[in-house]
Amino acid sequence: QMWEEAIALGKELAEQYENEMFDYEQLSELLRKQAQFYENIVKVIRPKPDYFAVGYYGQGFPTFIRNKVFIYRGKEYERREDFEARLLTQFPNAEKMKTTSPPGDDIKTSSGQYIQCFTVKPKLDLPSKFHRPVSEQIVSFYRVNEVQRFEYSRPVRKGEKNPDNEFANMWIERTIYVTAYKLPGILRWFEVKSVFMVEISPLENAIETMQLTNDKINNMVQQHLNDPNLPINPLSMLLNGIVDPAVMGGFTNYEKAFFTEKYMHEHPEDHDKIEKLKDLIAWQIPFLAEGIRIHGEKVTEALRPFHERMEACFRQLKDKVEKQYGVRAILSGLEERRGSRPRSMVRSFTMPSSSRPLSVASVSSLSSDSTPSRPGSDGFVLEPLLPKKMHSRSQDKLDKDDLDKDKKEKKKEKRNSKHQEIFDKEFKSTDISLQQAEAVILSETISPLRPQRPKSQVLNVMSSERRFSVSPGPPSSQLTPPPITPRTKLLFSIQPSLELNGMSSSDIPDVPPPLPLKGSTADYGNLLESQDLISPTTSPPAHQR
């Protein structure tokens with residue numbers, strides 16, 4: 001689950017795939033993995049392992065660990081007792097030391113085996129890229145990873161003991177351990193290369209404790225704002241331990257120990273530190289207010305009396321702190337986090353892999369409330385596939401077939417009307433005078449299984465100078481068909497009362513001469529004007545598509 005390290009390695013691979021190997025398929029797969037890693041960093045809660053300092057003292061140990069201290073990284077959720085038991089199985093004759101202070105020379109030079117084990121706290125060392133406040137979910141990784149400095153704090157009392165307030169003379173003896181390499185590394189344990197110790201005064205310890213408490217409240221509030229499904233019990237315990245003076249006493253002990261005239265007179269150099277402690281106490285109120293507000297929204301009816309008591313204690317605490325140390329307010333940090341989740345965090349709805357994915361046009365047509373997001377998009381809206389009422393594939397197919405049928409019928413009617421208009425226009429441009437009703441009768445038969453005929457082949461008579469003439473010919477005469485196979489059969493007949501080519505009806509015989517026999521693929525709509533150009537013995541060309 002060290003996704004940060006996987007991302008760093010993935011960037012090196014991406015550089016090779018993109019600029020050296022030009023393997024875009026592997027690059028796309030790698031980038032998808034990196035996207036998943038980034039999402040895991042923000043959403044997945046990872047366990048924080050503990051670190052243990054282990055000292056091997058005595059001449060009975062091998063030379064590579066004799067009288068040396070090592071920092072071990074424990075397993076997930078591994079307690080110190082379990083780690084010690086696992087460690088002692090490797091050295092069954094070793095004796096466990098009871099103290100955490102460094103041993104004397106008598107133990108180091110003895111012939112036995114002595115093991116000292118205690119828990120140490122890793123020191124946060126943020127990378128330089130985090131130059132501004134970031135989410136706790138991102139920072140939490142670096143609290144227990146890529147760490148090289150560890151500290152162990154041991155309380156030490158100096159001066160006379162004060163039974164009323166133990167914080168006044170409680171000093172902290174802090175030991176800092178620096179390992180040879182950062183943990184975790186190629187091993188889960190590294191040798192300590194340097195050790196030094198510092199002393200923390202009681203006032204500095206109070207400042208540290210208040211800062212850690214405020215950070216803990218703020219981090220827990222952030223977690224509940226980002227994930228409303230978190231359990232409420234840890235938040236209840238944290239808030240109640242601070243606002244209820246009967247549990248821990250709060251910061252009242254600090255006021256008794258450091259905010260007195262006697263302490264300020266004896267330690268004038270601590271004036272700035274006292275002001276800082278007061279400021280931290282004042283800043284705790286808005287953090288507590290936000291935590292109690294979230295607790296009130298998520299509390300159950302069984303815990304309602306507990307919440308009401310906590311609210312009453314907080315009101316008293318708030319009035320006291322604001323009167324003594326001023327009012328602090330959080331301007332926009334938590335309010336922005338309470339806002340709507342950014343679009344990048346919203347998971348798009350994905351259809352099952354077995355079903356056919358809907359196109360963008362299908363999504364737009366199925367959703368009745370979808371409108372184009374911007375003008376000029378023609379209804380094609382690129383939106384995430386949200387879960388809507390499911391339509392069966394058969395119903396969609398039937399609807400689509402009905403639409404296709406309607407479109408085909410409209411196209412057919414439009415094509416027929418266009419052919420009729422062309423014929424009317426051509427015959428009106430000629431000098432044919434119609435003396436009786438409907439001299440020319442046109443009938444058209446269109447095969448529904450064939451595509452429509454190109455417009456250029458409907459009629460070749462396009463000028464008013466041309467005359468459509470039919471000359472009687474021998475019955476056995478054949479016409480050369482056009483090179484393109486016709487798709488439409490046009491049949492027409494000439495009435496005896498029609499005047500053609502300057503001949504009156506009296507010159508035309510009573511029985512009209514028979515029409516020339518059409519070839520197998522001939523079309524009378526494409527008759528040529530000159531019969532001399534046509535050879536009766538010419539055979540039809542091969543069928544061409």
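Just so it is clear, none of the values below were taken in a lab; they were calculated from the coordinates. None of these values were measured; they are calculated from a predicted model. Positions of Cβ are backbone-derived with ideal geometry, glycine not excepted, and every protein chain shown enters the neighbour counts.
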Past the 25 Å Cα-Cα mark, which pairs from K43/K298; K48/K158; K123/K161; K123/K273; K216/K318; K121/K278? K48/K158; K123/K161; K121/K278
Using unit Cβ charges (K, R positive; D, E negative) and no other charged atoms, how large, in debye to the nearest 20, is the dipole of segment 193-306 about its Cα centre? 380
According to a simple spin-label model (label point 7 Å from Cα along Cα-to-Cβ), what is the distance in nm between E76 and M197? 3.8
For segment 201-330, the Rg and Dmax computed from alpha carbons only, in angstrom: 15.8, 52
What Kirkwood hydrodynamic radius, in Å, does segment 46-200 give when the mean of 1/r is taken over all pairs of distinct Cα atoms and then inverted? 17.4
Counting only DSSP loop positions in segment 283-334, the GluC sites (Glu not before Pro) whose Cβ has at most 15 other Cβ atoms within 10 Å are E301
Inter-label distance for T99 and N219, nm, one decimal - labels placed 7 Å from Cα along Cα-to-Cβ: 3.3
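Give me the compactness ratio for segment 133-227, meaning the Cα radius of gyration over 2.2 N^0.38 Å.
Relative to the rule-of-thumb radius for its length, segment 133-227 sits at 1.40.
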Rounded to the nearest 0.05, FRET efficiency between T260 and Q90 (Cβ-Cβ, R0 56 Å) equals 0.55
Label-point separation (nm) for Q316 and A329, each offset 7 Å from Cα along Cα-to-Cβ? 2.7
Under Karplus coefficients 6.51, -1.76 and 1.60, residue-wise ³J(HN,Hα) of segment 31-36 in Hz, glycine/proline x: 5, 5, 5, 4, 4, 5
